[in-house]
Amino acid sequence: MSTEHRSKEALESLRNIGLFSSVRDEDLTAIATLLIERRFPKHKTIVEEGLPGDYMYIIREGRVSVSKLSDDGREKILEFLEAGDFFGEMALLDNAPRSASVRALSDARVLALSRGDFLNVLRANPDLAMAVIQELTRRLRQIDEQASSLSFQRVTQRTRGLLVRLAKEPTDRPGICATPALTHQQIADMIGTSRETVTRALKGLKEQGWLEQDGKRYLVPSED
């Protein structure tokens, strides 16, 4: 594939990403020339917690998990990201080690932007810098909401709220969306409880008729 063709592909990818929606076409074209496409097979670690960070990544295809190691050495899932999402920008902004690990849940294609290019792009594009700030603010607000739910909501409510947030995939049934494949332990890690407690909460939601299951995916009413 020619460099020109890769650049055009990268440009089309950027146009479909909310982060770049307010960037002018000429600036977007310049950014596209700076991106490096990388491919990662399923289960491959893309970013490792504690290591230095030299690149931020934009997901073009595939899904990834964001996780941290707990004090007892267990992996705790923090989030799932998919095409259009980005990660790895924090280490570029504060020059600190990676705060979490990111692993491919399927074969993934990502667009990488180096630290120097990333910072130069932000300086030259105030609208893009604001978009990054807004996304970081959204993530912080989400963390605050999760912390609040740990303190004030019952496990069933927390489980239900998590499934609603993760259910982004449309199904052939009107008004029903699907989550990615999830284990009971992953759900437990994300809401801060035990696997056994999550199992009981899921059973209760199914008995209420609110939740259905398709393999390891959960089917829930869409927020709309």
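The values are calculated or read from the model by the stated rules, or taken from the named source; none is laboratory data. Just so it is clear, the model here is predicted, and its values are computed rather than measured. Heads up, the Cβs are rebuilt from the backbone with ideal geometry, glycines too, and the neighbour counts pull from every protein chain shown. Surface accessibility is based on the protein's heavy atoms, side chains included, excluding ligands, DNA and RNA. Shrake-Rupley method; radii C 1.70, N 1.55, O 1.52, S 1.80 Å.
Does the chain classify as rounded, prolate or oblate by the C-alpha gyration tensor (a ≥ b ≥ c root eigenvalues; a/c under 1.5 gives rounded; else a/b over b/c gives prolate, otherwise oblate)? Prolate, because a/c is 1.5 or more and a/b exceeds b/c.
By definition, a body whose alpha carbon gyration tensor gives a ≥ b ≥ c is oblate when a/c is 1.5 or more and a/b is not larger than b/c, and segment 48-98 fits this oblate description. Of GLU61, GLU135, GLU89, GLU49, the residue with the largest accessible area leads and the full order is GLU61, GLU49, GLU135, GLU89 (1.4 Å probe). Computed extension gain for LYS206 through ALA83, at 0.36 nm per residue and net of the alpha carbon distance, reaches 41.3 nm.
Carbon and sulfur atoms: what percent of the 1.4 Å accessible area of segment 50-200 do they account for? Show your work: numbers first, answer last.
Working: 4180 of 7850 Å².
Roughly 53 percent of what the probe reaches on segment 50-200 is carbon or sulfur.
The residues of the chain expose, per residue, 56 Å² of accessible area to a 1.4 Å probe.
Positive end of the charge dipole of segment 89-213 (Lys, Arg +1 and Asp, Glu -1 on Cβ, about the Cα centre): tell me which of SER106, PHE118, MET190 has its Cα farthest that way. Value: MET190. Can you compute the label reach from LEU93? Point 7 Å from Cα along the Cβ direction, backbone N cut-off under 16 Å, restricted to segment 9-45. Answer for this model: 19-20. How many nm is it between the label spots at SER21 and THR199, if each spot is 7 Å from the Cα in line with the beta carbon? The two pseudo-label positions are separated by 4.2 nm. Fully extending the segment from LEU51 to SER222 would add 57.7 nm, taking 0.36 nm per residue of separation and subtracting the current Cα-Cα distance. The relative contact order of the chain comes to 18 percent, based on Cα pairs under 8 Å that sit 6 or more residues apart. Total lysine pairs in the chain at Cα distances under 24 Å, for residues eight or more apart or on different chains: 19. Taking all protein chains as they are arranged and a probe of 1.4 Å, the heavy atoms of LYS216 leave approximately 130 Å² accessible to solvent. The helix-based estimate of mean residue ellipticity at 222 nm for the chain, built from -39,500 (n - 2.57) per DSSP H run of four or more residues and divided by its residue count, is -13500 deg cm²/dmol to the nearest 500.
Once the piece of chain linking ASN120 and LYS168 is laid out straight, how much longer is it, given 0.36 nm per residue of separation minus the C-alpha distance between them? Intermediate results must be reported in sequence, preceding the final value.
Values: separation 48, 0.36 × 48 = 17.28 nm, distance 3.33 nm.
Residue separation times 0.36 nm, minus the Cα-Cα distance, leaves 14.0 nm.
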